[in-house]
Amino acid sequence: MTETEVSKAVTWGLLAAWVANDLEELATMAGWARSARPRLQKRFPRVPERVWARMELSQRDANVAIGLMGGVMAAASADGARTGGRSPFFRTVLVGFGLHGVVHMAQAVAYRGYTPGVATSPTVVIPYSLWALRRLKAAGIESGGVGTAAAALAFFPVAVAGAHGLARRINRPHGRGARTAT
């Protein structure tokens, strides 16, 4: 490997680190959302009921949303591998993934307790992201600076909201005589 090549561990590592983080979320997200709601409603009484209703999700919704985000992460990793880490899509998702780890930790601090994803953020998400960015820089590939960070900060919430919205739509009963899922 020459100095300008980036190993597949960097590019496919994004997908592997995401899997570790999202296995934690898969195991905890739906249950946490149910149990945390009363505490959050008491702490934030002015938040409208429709916001709290959107926070509720079934395990099936969590499964589908996580699977959809997995498609995004796999596409970013594949594009990174194809371009030797030079893909703007890969670099934006990589930066966003690292920033999302920081958001997980901030959420846990604000909540004053466990929130889904916080256990793997300081142990997998952030260390992997920093390592990968250092490997890219050593290969002469810049992360993109403030512009990439801004794009990542804009992209991740939209991607997550889109995945959750699409998961709800996919899991909603369709057609004549469809019963409400419980």
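The values are calculated or read from the model by the stated rules, or taken from the named source; none is laboratory data. These numbers come from a predicted model, not from an experiment. Counting neighbours? That spans all protein chains shown, and the Cβs are built from the backbone with ideal geometry, glycine included. What goes into the accessible areas is simple: the full protein's heavy atoms, side chains included, and nothing from ligands, DNA or RNA. Shrake-Rupley method; radii C 1.70, N 1.55, O 1.52, S 1.80 Å.
Condition first: open to solvent by less than 50 Å² (accessible area, probe 1.4 Å) and part of a loop (DSSP other than H, G, I, E, B). Now tell me which residues in the range 49-83 satisfy that.
Correct list: LEU57, SER58.
Looking only at the range 84-101, which residues are open to solvent by 10 Å² or more (accessible area, probe 1.4 Å) and over 11 Å from the mean Cα position of the chain (by Cα)?
Within the range 84-101, GLY84, ARG86, PRO88, PHE89, ARG91, THR92, VAL95 qualify.
Which count do you get for residues in the range 102-126 that are open to solvent by less than 40 Å² (accessible area, probe 1.4 Å), part of a helix (DSSP H, G or I) and farther than 22 Å from ALA9 by Cα?
Adding up the residues that qualify gives 3.
Which of the residues belonging to the range 6-21 are open to solvent by 10 Å² or more (accessible area, probe 1.4 Å) and either in a helix (DSSP H, G or I) or of a type in the set (A, V, I, L, M, F, W, C) (or both)?
VAL6, LYS8, ALA9, TRP12, GLY13, LEU15, ALA16, TRP18, VAL19, ALA20
Return the only residue of LEU68, LEU23 being closer than 22 Å to ALA159 by Cα and at pLDDT 95 or above.
So the residue among LEU68, LEU23 that is closer than 22 Å to ALA159 by Cα and at pLDDT 95 or above is LEU23.
Going residue by residue through the range 127-143, is there one that turns out to be among the aromatic types (Phe, Trp, Tyr) and open to solvent by 40 Å² or more (accessible area, probe 1.4 Å)?
For the range 127-143, residues among the aromatic types (Phe, Trp, Tyr) and open to solvent by 40 Å² or more (accessible area, probe 1.4 Å): present.
Give THR148, THR92 a once-over and let me know the one that is touching a Lys or Arg at 6+ places or on another chain (Cβ under 7 Å) and in a helix (DSSP H, G or I).
Answer to the selection: THR148.
Can you say whether ALA17 is among the hydrophobic types (A, V, I, L, M, F, W, C) and under 21 Å from LEU153 (Cβ atoms), as far as the supplied structure shows?
yes
When you scan the range 152-170, do you find a residue that is assigned to a loop (DSSP other than H, G, I, E, B), at pLDDT below 80 and touching a helix residue (DSSP H, G or I) at 6+ places or on another chain (Cβ under 6 Å), even just one?
no
For the range 98-140, which positions are in contact (Cβ under 8 Å) with a residue 24 or more places away in the chain and among the charged types (D, E, K, R)?
Residue satisfying the conditions is ARG135 alone.
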